[in-house]
Amino acid sequence: MTRPGRFSRLLALALLAGLFAPLLMAQRTGYSPDEFVRRRAALMGQVKDGAIILFGDASVPSGTHFRQDNDFFYFTGVEDLGAVLVMIPSPRAGATLFLPQRSAREIQYDGPGLLEDATAKAGFADVKAVGDLDEFLARLTGSGAGKLYLRLSPRDKLDGARSETALWDGRRSRGHYNDQLSVDQYRIEKLRQRYPQLDFADIAPAIDAQRAIKTPEEIGTLRRNGALSAEAVRQAMLATRPGVFEYEIEAAAMGVVLKGGAKGAAYAPIVGSGPNSCIFHYEKNSRRVGDGEVVLMDFGADLDHLTMDITRTWPASGKFTDEQREVYRIVLEVEKACIEAYKPGATPKDVRDHVAAVMKAKGIDPRGQLGGFGHGVGLAVHDVPLGGVLKEGMVFAIEPALYYPEKNFGVRIEDTVLITKTGCEVLTKGVPKEIDEVEKLLSGRNR
């Protein structure tokens, strides 16, 4: 049978978008303006001199919804293109937002922005046209401000950490025709040329320390996203049976998160069946699922500019084979032991020691799985670094896995967790992972 065309794929997504739980259909609530005021005040409290400058994105990638630069959004909540934020610490503490002046034609095309909104100044010392930025900075230097804090480190993106952005830039620059400066690097060079008398300092470490501890409003959004993303994966499981295409399983999940108010997926959904379950970041999702195979799905929603990360592995036919079940149990027990060890003050060594003790007590060979911390989750799927000790308010994903390409199957199990006062909360608990629960859910599928 030939593979259905793109129209069939889009039709499946459109149909699935209207089928799911009313409890997940609330519109996005966003954040209060006071949330961003508090965030700006906390950052300015760490800087004693000079000024902090952050740039918003100035263009929209083709074919997708606009998503603002993470650091800029974190301190402003502003989605306007081409915006700039300047924060001046004590004793003249305040934040000024700069926005592009647009023509009537531009406003007609894209709708009004904050510069056309009389209430936009709320929470800011002032809102000015972006054309006034250099005059504003010149006045600061004239009044004795000798240092400019800006992001000298790479940005992070929806699906990539700062270190990954640097890595991708390095790979892009292998060919000298592709080694042009990024827009962030260009901005830094432009500021150095215009203000050579200033000292420049990297504000990214201070931002990362702040972003690593989620605020109560962020935690509320992350909990909603955990429930929404878990339901999406659950529906994907129910859409699975031998003979379907991987993209049909993706469509089932995407319908849920779009109906639930998310902008879309937090990263390209990974739906790997059979041999594709052994490819870490497989995202073609074009293969037909075979009988007796496992499906490995890695998925999360982008809700109110906060991400989620879940992986589940399940048998397409509804029952694990004996070998699949054995490997699955190892991965699951390692993950559960990690979660048991997560609490404020825990170190990677504490977690590894606990995992080793649990595996020994249960008589399980972990096959090289040691446990530890995973990657941070927040504005980016691979969020800011956690550091070496867990603290209340940290959110991250743990994802032990075992892969057997020679046997055409791999198993990965991943949850996103929040560190609480006494332990941790699994934000993605709404999708089953115990073997009997997985098989029970799959037994209820419509045939």
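The values are calculated or read from the model by the stated rules, or taken from the named source; none is laboratory data. Treat the numbers as computed from the prediction; the structure is a model and nothing was measured. A quick note on method: Cβ atoms are made from the backbone with ideal geometry, for glycine too, and the neighbour counts reach across all protein chains shown.
Residue by residue through the stretch 245-284, note down the ones that are without any contact (Cβ under 8 Å) to a residue 60 or more places away in the chain, over 18 Å from the mean Cα position of the chain (by Cα) and surrounded by fewer than 20 Cβ atoms within 10 Å (Cβ to Cβ). Listed by number, the residues that qualify are 279, 284. Scanning the stretch 385-414 for residues being closer than 14 Å to residue 295 by Cα, among the β-branched types (Val, Ile, Thr) and more than 19 Å from the chain's Cα centre (by Cα) gives a total of 1. Taken together, the criteria exclude residue 172 from residues that are at pLDDT 95 or above and more than 20 Å from the chain's Cα centre (by Cα). I'd like to check something: does the stretch 314-337 contain any residue that is closer than 25 Å to residue 162 by Cα and in contact (Cβ under 8 Å) with a residue 24 or more places away in the chain? No, that holds for no residue. Just one of the listed residues (414, 399, 392) is more than 30 Å from residue 274 (Cα to Cα) and either touching a strand residue (DSSP E or B) at 6+ places or on another chain (Cβ under 6 Å) or among the aromatic types (Phe, Trp, Tyr) (or both), and it is 392. The residues on offer are 221, 165, 215, and the sole one that is farther than 26 Å from residue 439 by Cα, β-branched (Val, Ile, Thr) and in contact with a His (Cβ under 9 Å, 6 or more places away or on another chain) is 221. Total residues in the stretch 287-325 satisfying the condition of being of a type in the set (Gly, Ala, Ser) and under 29 Å from residue 395 (Cα atoms): the figure is 2. Is there a residue in the stretch 432-444 that is at pLDDT 95 or above, of a type in the set (Lys, Arg) and part of a helix (DSSP H, G or I)? Looking through the stretch 432-444, at least one residue is at pLDDT 95 or above, of a type in the set (Lys, Arg) and part of a helix (DSSP H, G or I). Among the residues of the stretch 182-195, none qualifies, meaning not one is outside any helix (DSSP H, G or I) and either closer than 23 Å to residue 434 by Cα or assigned by TED's automatic domain parsing to the domain that holds residue 298 (or both). Would a scan of the stretch 159-171 turn up a residue that is more than 18 Å from residue 85 (Cα to Cα), in contact with a Pro (Cβ under 8 Å, 6 or more places away or on another chain) and in the same structural domain as residue 420 (by TED's automatic domain parsing)? Checked the stretch 159-171: no residue is more than 18 Å from residue 85 (Cα to Cα), in contact with a Pro (Cβ under 8 Å, 6 or more places away or on another chain) and in the same structural domain as residue 420 (by TED's automatic domain parsing).
Would you confirm whether any residue within the stretch 193-211 is closer than 30 Å to residue 271 by Cα and hydrophobic (A, V, I, L, M, F, W, C)? For the stretch 193-211, residues closer than 30 Å to residue 271 by Cα and hydrophobic (A, V, I, L, M, F, W, C): absent. Name the single residue, out of those in the stretch 358-370 being in contact (Cβ under 8 Å) with a residue 12 or more places away in the chain and assigned to a helix (DSSP H, G or I), that is surrounded by the fewest Cβ atoms within 10 Å (Cβ to Cβ). It comes out as 362. Restricted to the stretch 383-408, and to residues there that are in contact with a helix residue (DSSP H, G or I) (Cβ under 8 Å, 6 or more places away or on another chain) and hydrophobic (A, V, I, L, M, F, W, C), the residue that is surrounded by the most Cβ atoms within 10 Å (Cβ to Cβ) is 395. Determine if the stretch 146-160 includes at least one residue that is touching a helix residue (DSSP H, G or I) at 6+ places or on another chain (Cβ under 9 Å) and assigned to a helix (DSSP H, G or I). There is no residue in the stretch 146-160 that is touching a helix residue (DSSP H, G or I) at 6+ places or on another chain (Cβ under 9 Å) and assigned to a helix (DSSP H, G or I).
In the stretch 41-56, of all residues being surrounded by fewer than 20 Cβ atoms within 10 Å (Cβ to Cβ) and part of a loop (DSSP other than H, G, I, E, B), the one that is modelled with the lowest pLDDT corresponds to 48.
In the stretch 219-245, of all residues being part of a helix (DSSP H, G or I) and touching a Phe, Trp or Tyr at 6+ places or on another chain (Cβ under 9 Å), the one that is nearest to residue 315 (Cα to Cα) corresponds to 237. Pairs linking a residue in the stretch 379-402 that is assigned by TED's automatic domain parsing to the domain that holds residue 429 to a residue that is surrounded by fewer than 18 Cβ atoms within 10 Å (Cβ to Cβ) and of a type in the set (Phe, Trp, Tyr), with Cβ atoms under 9 Å and 6 or more positions apart or on different chains, are 401/280. Just the residues that are assigned to a helix (DSSP H, G or I) and in contact with a strand residue (DSSP E or B) (Cβ under 8 Å, 6 or more places away or on another chain), please, taken from the stretch 207-218. The one that is assigned to a helix (DSSP H, G or I) and in contact with a strand residue (DSSP E or B) (Cβ under 8 Å, 6 or more places away or on another chain): 218.
Selection within the stretch 167-212: residues that are over 14 Å from residue 149 (Cα atoms) and small (Gly, Ala, Ser). The member of this set that is surrounded by the fewest Cβ atoms within 10 Å (Cβ to Cβ) is 175. For the stretch 326-347, the set of residues classified as surrounded by fewer than 17 Cβ atoms within 10 Å (Cβ to Cβ) and more than 22 Å from residue 411 (Cα to Cα) consists of 343, 344, 345, 347, listed by residue number.
When restricted to residues that are among the hydrophobic types (A, V, I, L, M, F, W, C) and within 18 Å of the chain's Cα centre (by Cα), the stretch 52-77 contains 4. The sole residue among 416, 422, 428 that is surrounded by fewer than 20 Cβ atoms within 10 Å (Cβ to Cβ), at negative phi and either out of contact with any Pro (no Cβ under 7 Å at 6 or more places or on another chain) or not assigned by TED's automatic domain parsing to the domain that holds residue 165 (or both) is 422.
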